[in-house]
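For reference, the structure is listed below as structure tokens.
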Amino acid sequence: MQAHALEHEHGHGAPSGLMRWVTTTNHKDIGTLYLWFAAVMFLLAGSMAMAIRAELFQPGLQLVSPDFFNQLTTLHGLIMVFGVIMPAMTGFANWQVPLMIGAPDMAFPRMNNWSFWILPAAAILLVISLFLPGGAAAAGWTLYPPLFIQGGISYDLTIFAIHILGASSIMGSLNIITTILNMRAPGMTLMKMPLFVWTWLITAFLLIAVMPVLAGAVTMLLTDRNFDTHFFNAAGGGDPVLFQHVFWFFGHPEVYILILPAFGIVSQIIPTFARKPLFGYASMVYATASIAILSFLVWAHHMFTVGMPAVGQLYFMYATMLIAVPTGVKVFNWVATMWRGSLTFETPMLFAIAFVALFTIGGFTGLVLAMAPVDIQLHDTYYVVAHFHYVLVSGALFAIYAGVYYWLPKWTGHMYNETLGKWHFWLSMISFNVLFFPQHFLGLAGMPRRIPDYAVQFTEFNMISSIGGFVFGASQILMLIVVLQCIRGGRKAEAKPWEGAQGLEWTVPSPAPYHTFETPPVVK
Amino acid sequence: MGLRRALPVVLAAACASLAAAAWADYQINFPPPKSSLAYAINDLHILIMWVCVGIFIVVFGTMFYAIWKHRKSVGHQAAQFHESTTVEIIWTAIPFLILIGMAWPATRLILEQKDTSNPDVTIKVTGYQWKWEYDYLQDGVKFMSVLATPREQIENKAPKGPNYLLEVDEPMVVPVGKKVRLLLTANDVIHAWWVPALGVKQDTIPGFIRDAWFTATEPGTYRGQCAELCGKDHGFMPIVVEVKSEADYAAWLADKKAKVAAAAADAGKVFSKEELMARGATVYNANCASCHMPDGKGLPGVFPAITGSKVATGAKAGHIGIVLAGKPGSAMPAFGPQLNDADIAAVVTYQRNGLGNSTGDLVQPAEIKALRK
Ligand code: HEM
Ligand SMILES: [Cu+2]
């Protein structure tokens, strides 16, 4: 049946109606689904962030109870990581990997359909957990026991949601790895692949390595909660800190899972608008691989205050500092690519440049946090909150924006509205910094994270931060408008809308036809 | 073009808010250090920060120079170079050397932080949801330290005091210039004991004991907060440390010991209903109200009500039993180790005869003693 339907699709364009999306095995359709899923989840988790910033606008409890506040921060974190950044990156992989390596589709189209369609189930579990007695999980996105063990039924649903998200990621990764390794066009050797493809190849391996670790950790939580297994309960011979080790063995590679595809996107965009090849392609590949390997060796830098012995502190400090070297190489290469180019500043390039500068600020604060003695003061404060928002919002999210603007003409066949795009960029860039820069000061001055109310000395910076937050939140509506406009119409896009663009995706017409590269192109 | 015209306005607004920030007394760095460790951490942080700022200026100075000069709109032609092994080696090696320079002072500081040997005073710190207990092991003095900010301030019904959320009923007290070793643990979930000015943050882990140390350099009152998410009132369990001169510390300790003796005498007393109810209300508000709520109504679905509860209106022994032993697998802690017999007798009496209940029976310390084993 399915095979017949597939056959049938070939001659024609896309089938129409709702069932097209439910049954689709087309990589472009699935990429679109992933991206829209991420967009919807972004609005959901973003509105939670607005509620958090509104509560923190001034000291005292105004809008939400402390318990609900903790539910908001927990869901905000979980959804942004697993429901927004990861699906958006997978959406890019689905759309772009086959187009960039000259493959007709992903290697396992039906598994691809499943990888996507189990995601909404996980999202629904998280959302209904909000309405169960006791509310959603409120132990932080890091799920630390014993606090996590205390919670009600919604904590179990959260665990199941994470299982499902993990299964989806693993299936998606198998698909991506197989596609990249087996389906490249003749002549496209590994060292000729676009950097975006390289970063996703490495990311997919990271995902396969660590998602099972997370699944194991949360399953141990599940059995501790329901069957008294006492993995993490000292009274039963377990150890609460064990969970943190296992979680961060997943968690640190996870942060690179979020950022490596972003490195890839930016490495496509900067050469295009500098009209100059990427500087140090080979060193970019090696740097990505060494970051990935190092990411398995540094996890306990999230645990400098649990009371490790001195050798533990020293080892994890040195290993973490080492990651700054390959990260630095990447930044230097991007700057060298721009050096003596012929630069233009369309919206994708603006986001890419902001990415380089602001991500680097996040890298520097990472280095400060890597210094174990200093981290003793900064751990679990707003300084850490600022750090990871610099790498995740002005890092991963800005790269996603850059990528959407960059490939939107290819996806829709229309040019987006450049003026609105620039407005979106400038509003986001400025309000982002107003939102998160003062949080460094708050952390240094002593404000812990995950608190619904704070001492009066923190008022001013919290107000500034909240104002930045509201402007940032509102600015993202602009993006939605630009994308919708672009889908519905606009100036016709050429096959290669960007003067300096290189790569196979620009050899097919815009919008990319439903089926591309049915006969593989030849790469010289 | 709309954007060109609007940009200056947006930039001006951003500058104005920055300028506003400069007028007020906004703190942008660590609070003034008051222990030898905190001084060292401060210095290390400042060193690292300037190194980062320096690198940032060099790298992004270069980038913005390129943005300025190598634009298509000023007619710049793109060069086509794209590889240089020499350059790659240089910018791998230089950061590596800088990192070694940073690791050196950090290593020395880690070793210092971890050296808890030869303390002058040892205090056991226990984290509870949501308060701290300090146990002066050498002196037999032990007490709870609970948030002292009134609810009205938190609920915006009264103006907030200067130490809003950073004040407790009984602070930890230590002598100046002495090495204080903390032994830290927790009773229920993980908390973290953190006082920025003293340069100490240590997670407190149920079932395990960790240690940390500090030597305060100056008498004064230093404030901090729990730094590990520990449930609903995580934001409401501050830490206050009073550093006193040696003489003042000795006087405080003597006073504390006298109070311990007085409390021991209470254990044999028989109290009147009024005494029990008054004392019970205080104990209830400090220990029970955060979950069961000040009016005894609980939080539906999360924390059970006391008002009309089967336990609080049923047999005395069952009621006392759950207060002494807690309810394993739930957030209800065992108060047996935390409170003395008189306090437990009072709070049980209060729960049975206040908060809308009226069983009419009194509980005396002797009954608690009998049920403890
Ligand atoms: C030079 C690179 C980096 C270094 C040296 C670094 C270092 C650190 C350290 C030491 C912490 C622990 C802070 C604490 O909790 O006390 C931390 C937290 C964190 N980092 Fe990074 N980091 C780097 C890059 C990144 C990147 C690229 C990402 C993600 C894209 C990232 C995401 C995070 C997140 C999410 C946390 C906080 C997790 C939590 O506690 O909720 N970091 N980083
Ligand atoms: Cu990490």
Of B:216, B:250, B:192, B:212, which residue is of a type in the set (Gly, Ala, Ser) and under 14 Å from the mean Cα position of the chain (by Cα)? B:192
Apart from one, (1) free of Cβ contacts under 8 Å to residues at least 60 places away in the same chain; (2) under 16 Å from residue B:292 (Cβ atoms); (3) under 25 Å from the mean Cα position of the chain (by Cα) all hold for residue B:336; the odd one out is (2)
Regarding segment A:277-296, can at least one residue be identified that is within 13 Å of ligand 1 (Cβ to nearest atom) and closer than 26 Å to residue A:377 by Cβ? yes
Given the structure, is residue B:103 of a type in the set (Gly, Ala, Ser), part of a helix (DSSP H, G or I) and within 9 Å of chain A (Cβ to nearest Cβ)? yes
Is at least one residue of segment A:230-240 of a type outside the set (Lys, Arg), more than 16 Å from ligand 2 (Cβ to nearest atom), under 21 Å from residue A:172 (Cβ atoms) and in contact (Cβ under 8 Å) with a residue 24 or more places away in the chain? no
Tell me which residues, restricted to segment B:171-199, are in contact with a Pro (Cβ under 7 Å, 6 or more places away or on another chain) and either outside any strand (DSSP E or B) or farther than 13 Å from residue B:125 by Cβ (or both). B:176, B:179, B:187, B:188, B:189, B:190, B:196, B:197, B:199
For residue A:297, which of the numbered conditions (1) within 16 Å of ligand 2 (Cβ to nearest atom); (2) within 12 Å of chain B (Cβ to nearest Cβ); (3) surrounded by fewer than 20 Cβ atoms within 10 Å (Cβ to Cβ); (4) of a type outside the set (S, T, N, Q) fails to hold? (2)
Mind checking which pairs have a first residue in segment A:396-411 that is within 16 Å of ligand 2 (Cβ to nearest atom) and a second that is assigned to a helix (DSSP H, G or I), Cβ under 6 Å, 6 or more apart or different chains? A:396/A:85; A:396/A:258; A:396/A:259; A:396/A:262
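Looking only at segment B:353-368, count every residue that is more than 33 Å from the chain's Cα centre (by Cα) and assigned to a helix (DSSP H, G or I) and tell me the total. Quick ask: steps written out before the conclusion?
Residues of segment B:353-368 more than 33 Å from the chain's Cα centre (by Cα): B:353, B:356-364, B:366-367.
Adding the requirement that they be assigned to a helix (DSSP H, G or I) leaves B:353, B:366-367.
Result for segment B:353-368: 3.
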Among the candidates B:302, B:311, B:270, B:283, single out the residue that is in contact with a helix residue (DSSP H, G or I) (Cβ under 6 Å, 6 or more places away or on another chain) and open to solvent by 50 Å² or more (accessible area, probe 1.4 Å). B:311
Among (1) within 16 Å of ligand 2 (Cβ to nearest atom); (2) surrounded by fewer than 22 Cβ atoms within 10 Å (Cβ to Cβ), the one test that residue A:359 misses: (2)
Selection status of residue A:304, more than 7 Å from chain B (Cβ to nearest Cβ) and either away from ligand 1 (no atom under 13 Å from the Cβ) or more than 19 Å from the chain's Cα centre (by Cα) (or both): yes
Which of the residues that make up segment A:381-396 are within 16 Å of the chain's Cα centre (by Cα) and more than 9 Å from ligand 1 (Cβ to nearest atom)? A:393, A:394
For segment A:116-128, which positions are surrounded by 24 or more Cβ atoms within 10 Å (Cβ to Cβ) and over 19 Å from residue A:207 (Cα atoms)? A:126
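If I filter segment B:196-212 down to residues being open to solvent by 20 Å² or more (accessible area, probe 1.4 Å) and more than 7 Å from chain A (Cβ to nearest Cβ), which single residue comes out as farthest from residue B:35 (Cα to Cα)?
The residue in question is B:209.
This table checks each residue for (1) hydroxyl-bearing (Ser, Thr, Tyr); (2) closer than 30 Å to residue A:332 by Cβ.
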residue	(1), (2)
B:78	no, yes
B:93	no, yes
B:97	no, yes
B:104	no, yes
B:113	no, no
B:119	no, no
B:134	yes, no
B:148	no, no
If you check A:64, A:40, which single one turns out to be within 19 Å of residue A:161 (Cβ to Cβ), of a type in the set (Val, Ile, Thr) and surrounded by fewer than 19 Cβ atoms within 10 Å (Cβ to Cβ)? A:40
Of the conditions (1) modelled with pLDDT of 95 or more; (2) open to solvent by 10 Å² or more (accessible area, probe 1.4 Å), the single one that residue A:87 does not satisfy is (2)
Which of the residues that make up segment B:169-195 are open to solvent by 10 Å² or more (accessible area, probe 1.4 Å), out of contact with any Cys (no Cβ under 9 Å at 6 or more places or on another chain) and either within 13 Å of chain A (Cβ to nearest Cβ) or closer than 19 Å to residue A:373 by Cα (or both)? B:179, B:181, B:183, B:185, B:187
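Can you pull out the residues in segment A:246-259 that are more than 9 Å from ligand 1 (Cβ to nearest atom) and either more than 14 Å from chain B (Cβ to nearest Cβ) or farther than 28 Å from residue B:206 by Cα (or both)?
Correct list: A:246, A:249, A:250, A:253.
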Which of the residues belonging to segment A:226-245 are on the phi < 0 side of the Ramachandran plot, away from ligand 1 (no atom under 15 Å from the Cβ) and surrounded by fewer than 19 Cβ atoms within 10 Å (Cβ to Cβ)? A:226, A:227, A:229, A:234, A:235, A:236, A:239, A:242
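Conditions tested, residue by residue: (1) assigned to a loop (DSSP other than H, G, I, E, B); (2) surrounded by fewer than 24 Cβ atoms within 10 Å (Cβ to Cβ).
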| position | (1), (2) |
| --- | --- |
| A:107 | yes, yes |
| A:110 | no, yes |
| A:114 | no, yes |
| A:131 | yes, yes |
| A:135 | yes, yes |
| A:138 | yes, no |
| A:161 | no, no |
| A:176 | no, no |
| A:184 | yes, yes |
Considering every residue within segment B:120-135, establish whether at least one is buried (at least 17 other Cβ atoms within 10 Å of the Cβ) and without any contact (Cβ under 8 Å) to a residue 40 or more places away in the chain. yes
Quick one: is residue A:322 away from ligand 2 (no atom under 16 Å from the Cβ) and either over 22 Å from residue A:352 (Cβ atoms) or surrounded by 22 or more Cβ atoms within 10 Å (Cβ to Cβ) (or both)? no
Take the residues in segment A:339-380 that are more than 7 Å from every other protein chain (Cβ to nearest Cβ) and within 15 Å of residue B:30 (Cβ to Cβ); name whichever of them is nearest to the chain's Cα centre (by Cα). A:365
Given (1) more than 10 Å from chain B (Cβ to nearest Cβ); (2) open to solvent by 10 Å² or more (accessible area, probe 1.4 Å), residue A:264 misses just (2)
Taking only segment A:267-287 into account, find how many residues are polar (S, T, N, Q) and either within 16 Å of ligand 2 (Cβ to nearest atom) or open to solvent by 10 Å² or more (accessible area, probe 1.4 Å) (or both). 2
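The values are calculated or read from the model by the stated rules, or taken from the named source; none is laboratory data. None of the values given here were measured: they were computed from a predicted structure. Note that we place each Cβ from the backbone using ideal geometry, even for glycine, and neighbour counts take in every protein chain shown. SASA here: full protein model, heavy atoms, side chains in, ligands and nucleic acids out. Shrake-Rupley method; radii C 1.70, N 1.55, O 1.52, S 1.80 Å.
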